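Have a look at the structure below, then the notes.
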Amino acid sequence: MLPALFERFGLNQLWPTGGFPGGVHPPEHKITADSPIIELPLPPQLILPLKQHIGEICAPLVEVGQHVLRGQKIAKSQGYVSASVHAPTSGTVVGVQDHAVPHPSGMGRPCLMIEPDGEDRPDESRAPISDYRNEDPALIRERIRMSGIVGLGGAVFPTFIKMLRDQRHPVQTVILNGAECEPYLTCDHRLMLEHAHDVLRGMDVIMHAVNAQNGVVAIEDNKPDAIAVMRGAIEAAGMDNVEVRTLPTRYPQGGEKQLIQTITGKQVPEGRLPLHVGVLCQNVGTAKAIHDAVCLGVPLIKRVVTISGDAVPNPANVCVRIGTPIPFVLAQCGLEDLNDVRLIHGGPMMGERLPRTHVPLVKSTNGILAFHRQSLYSEQAVEEPCIRCGHCVEVCPAGLVPNELAWHCRNDQFDRGQDYNLFDCIECGCCSYVCPSHIPLVHYFRYAKGQVAKIEKERAFAELSKARSEARDNRLAREQAERAARRSKVRKQHAPAADKAAKTAEKKTDEGKTGEGKTEAVKKEGDKA
Amino acid sequence: MNILMAILTLGGMALIAGIVLAVASRAFHVEGDPMVDKIDAVLPQTQCGQCGYPGCVPYATAVASGEADVNLCVPGGERSMLAIADLMGVPPKEVEEEAAVPMLAFVREDECIGCTLCIKACPVDAIIGAPKQYHTVIEDHCTGCTLCVEPCPVDCIDMVEKEQVLEEWTWAAPGKRPSVPQTLHKDEENHAASTV
């Protein structure tokens, strides 16, 4: 609120620039920061949801019983906003069925089941583009699209769409998001330490594809080793136009809009994209995936995931094939018994609790946190009345007034909620985190957003029904009018002839009578014969 | 004399105002009753007739004329009732019948004799078919009004619950326990229930 006031009075010079308002600093718990990435073995079965991204669901390209190779495309996108699915290993397709996916609803989606054959034979139809700097950017975009790459920071938006070259909005700066502001998660941190070179090459591919002049690698200051490694790698690669920017450790520093505000000082306006302020933001994991797809010809079939939480005996950063069942991954980290354990998909601030445990690991999984039931804060918290302390307003990075907003959402006054910019909420969870009354504010906002979408959908359906009903009424009226017109026309045509017709009819009946008599006579004769 | 002037002045003003009003009512004439349209806009347009009127517009007309109560729309539920009460400026009333879960009509095609009676009954043209060809319901257009069930001579139309899909799922209000659908996978562990 305050920055907005300053801006209004032309005093924005007074406000410290280069940062987003609000934010919190929860305990970091980055217990896996020093554990190197471990490659996990293949599970007995892989479950691949046909939709792991934002957009249209994919259509399967393989049949049950078919043998597939590692990296083979097994489901193709059916719309523009979509990302295809590839086989994570070689094996046999054993089923196409609904299976529970990591989602707070616990509901299922169509999934492809693959039984690995253990040979892990690759599909080598896609050649690496080693000389990407002299390649057509459209071809690189197409390769990224074909490789099923989505934003691996958690939003899973198809990456190729973000890399579209728009003449009106040229991209000046590519920001590589290595902030990793969520507590517990360390997968991006480890990726930067162990694969700095690949990540930077991925960034170079992106910069070439969108023709950006400069690049920024954004890392929070709680990862000094990653900052040093990335600086060294940039120097070694001779990338003069790329710099590492150290950011203060503050959640949600890694939020796209927040990061852009910190680095460029520009706010992405409501309803616009980073593109509109000349910025393209990609996660370090996505950059690595782009490197693999372009320079190695390997589609997105595995990712790095942090397995952590107080219920996991051996927390670790693991490199897992997409589609691996989560219980299998947890068992590899020493957690076999999932009774009385709560699973969180993602980080503790924005992640969602999984109502089902037998779900696969998908493209959006950046962390799986397992907690004992008693150590989960939301288990004990009881909602109490708002005391209007205003902490939520202070920490909201989007500059909203969460307490007022929640009040309207609780009372189902969704239009009032939208007056308070409900849809600008990024669901970061800062307000719920600081609330002394344990009000689940973000939950209220998620509820309200869902209800608004539902009401909108119902209204659209009502409009459609009304149009159909009106069309039917019009058609019935028209048909009736046509029938009436036809009847009167027939009557008019036959009106002068009607009298004549009546007379002939009379004559005919006379003739008929005589005729009948004749036949009767014939009949009688026949009987006699 | 003064009195005469006053009468003439006021009379003249009244005359001018009258003429202006008469012209305005002609020039800005609105076809139909705007209140009917407003009420019709908040109704769910199922055309189901559960309110006792043969469709949403007739009900809206009846409410606007003060003939019908504001709480008769069953599929619209409380939300429609509150919106109508707000428009009419009357106190809200309890909706008597609980709004049922969204339903869809389903024709058991092997039993359908192709009589077209249900097609004629459907208020939104959501059933397709031809005489002596079996009929089927267009799922996306069915409003679940049940008007097709009654005319069917062989009782081959069922009302089935609309399947909940993940794309349409929304968060329940805090404090309300979300319902988790039945087991989807054979290997589902027993503790799935305990983790809810």
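Among A:SER375, A:SER147, the sequence by solvent-accessible area, most first, with a 1.4 Å probe is A:SER375, A:SER147. Counting only Cα atoms, the size of the stretch B:101-180 along its three principal axes is 52, 20, 19 Å, in decreasing order. Selection among B:ALA172, B:MET88, B:HIS29 by position relative to the dipole of chain B gives B:HIS29 as farthest towards the positive end (Cβ unit charges, Cα centre). Note on B:39-50: average number of Cβ atoms from other chains within 10 Å of each residue's Cβ is 3. Between A:PHE423 and A:ASN214, what FRET efficiency comes out of the Förster formula 1/(1 + (r/R0)^6) with R0 = 25 Å and r the beta carbon distance, rounded to 0.05? FRET efficiency, A:ASN214 to A:PHE423: 0.20.
With the charge dipole of chain A set up from +1 on Lys and Arg Cβ and -1 on Asp and Glu Cβ about the Cα centre, the Cα lying farthest toward the positive end among the listed residues A:VAL294, A:CYS409, A:PRO26 is that of A:CYS409.
At full extension, A:GLU463 and A:PHE157 could sit 107.1 nm farther apart than now, given 0.36 nm per residue minus the alpha carbon distance. The candidates B:TRP169, A:TRP407, arranged from most to least accessible area with a 1.4 Å probe in the full protein assembly, appear as A:TRP407, B:TRP169. When each of the peptides A:457-466, A:124-133, A:260-269, B:54-63 is scored by the mean number of other C-beta atoms lying within 10 Å of its residues, the order from highest to lowest reads B:54-63, A:260-269, A:457-466, A:124-133.
Each of B:VAL137, B:ILE113, B:PRO102 was scored by the projection of its Cα onto the charge dipole of the stretch B:101-180, and the greatest displacement toward the positive side belongs to B:PRO102; charges sit on the C-beta of Lys, Arg, Asp and Glu.
Take the Cα of B:LYS132, step 7 Å toward its Cβ, do the same at B:LYS38, and the gap between the two points is 5.5 nm. Annotation for B:ASN2 and B:ALA22: the two label points, set 7 Å from Cα along the Cα-Cβ direction, are 3.3 nm apart. The GluC sites (Glu not before Pro) found in the stretch B:57-103 that occupy coil by DSSP, while having at most 14 further C-beta atoms within 10 Å, are B:GLU67, B:GLU94, B:GLU96, B:GLU97, B:GLU98. Counting 0.36 nm for each residue step from A:GLU270 to A:ARG416 and taking away their Cα separation leaves a gain of 50.8 nm.
Specify the angular offset, from 0 to 90 degrees and rounded to the nearest 10, of the alpha carbon long axis of helix A:196-210 from the longest principal axis of the alpha carbons in chain A. In chain A, helix A:196-210 runs at an angle near 50 degrees to the longest axis. Built from the Cα atoms of the stretch A:407-477, the convex hull projects on average onto 5.8 nm², one quarter of its surface area. With helices as the sole contributors, chain A gives -12000 deg cm²/dmol at 222 nm; each DSSP H run of n ≥ 4 counts as -39500 (n - 2.57), and the sum is divided by every residue.
Please list, by residue number, everything in the stretch A:24-60 whose backbone N is under 17 Å from a paramagnetic label point 7 Å out along Cα→Cβ of B:VAL165. Under 17 Å, as judged by backbone N against the label point of B:VAL165, lie A:49-60 of the stretch A:24-60.
Charging the Cβ of each Asp and Glu at -1 and of each Lys and Arg at +1, and nothing else, the dipole of chain A about its Cα centre rounds to 3240 debye.
With the highest mean first, a sort of the peptides A:46-58, A:281-293, B:129-141 on other beta-carbon atoms found within 10 angstrom per residue produces A:281-293, A:46-58, B:129-141.
For the stretch A:27-93, with all protein chains in place and a probe radius of 1.4 Å, 56% of the accessible heavy-atom surface sits on carbon or sulfur.
Cysteine residues of chain B whose Cβ has no partner cysteine Cβ closer than 4.7 Å: B:CYS51, B:CYS56, B:CYS73, B:CYS112, B:CYS115, B:CYS122, B:CYS142, B:CYS152, B:CYS156. Rounded to the nearest Å, what's the spacing between the alpha carbon centres of the stretch B:1-63 and the stretch A:123-182? Just the number, please. Centre-to-centre (Cα) distance: 60 Å.
Here the mean projected area of the convex hull built on the C-alpha positions of the protein assembly as shown is 58.9 nm². In the complete set of protein chains, residue-level accessible area for A:THR249 is approximately 30 Å², probe 1.4 angstrom.
A Förster radius of 56 Å, combined with the Cβ-Cβ distance separating A:GLN380 from A:GLN493, puts the computed FRET efficiency at roughly 0.05. Ellipticity at 222 nm from helices only: DSSP H runs of n ≥ 4 in chain B, each -39500 (n - 2.57), divided by the residue count, give -9500 deg cm²/dmol. Paramagnetic label reach from A:GLU352 (point 7 Å along Cα→Cβ; backbone nitrogen cut-off under 11 Å): within the stretch B:142-175, residues B:166-172. Rounded, prolate or oblate: which fits the stretch B:34-88 when a ≥ b ≥ c are the square roots of the eigenvalues of the alpha-carbon gyration tensor, with rounded for a/c under 1.5 and prolate only if a/b beats b/c? The shape class here is rounded. Per residue of peptide A:102-109, the mean number of Cβ atoms on other chains within 10 Å of the residue Cβ is 6. Label reach from A:ALA485 (point 7 Å along Cα→C-beta): in the stretch A:447-471, amide nitrogens under 20 Å belong to A:471. For the peptide B:113-126, the mean number of other protein chain Cβ atoms found within 10 angstrom of a residue's Cβ is 2.
Using the 1.4 Å probe convention, the accessible area of the stretch B:101-180 works out to 61 Å² per residue with neighbouring protein chains retained.
Karplus-based coupling profile of the stretch B:51-57, in residue order and whole Hz: 7, x, 10, x, x, 6, 5, with θ = phi - 60° in 6.51 cos²θ - 1.76 cosθ + 1.60 and x standing for Gly or Pro. With coordinates expressed along the principal axes, the C-alpha atoms belonging to chain B extend over 103, 52, 28 Å, beginning with the largest.
The values are calculated or read from the model by the stated rules, or taken from the named source; none is laboratory data. What you see is a predicted model, and the numbers here were worked out from it, not measured in a lab. Here the Cβ is made from the backbone with ideal geometry for all residues, glycine too, and neighbour counts use every protein chain on show. In case anyone asks, the SASA skips ligands and DNA or RNA and just uses the protein heavy atoms, side chains included. Shrake-Rupley method; radii C 1.70, N 1.55, O 1.52, S 1.80 Å.
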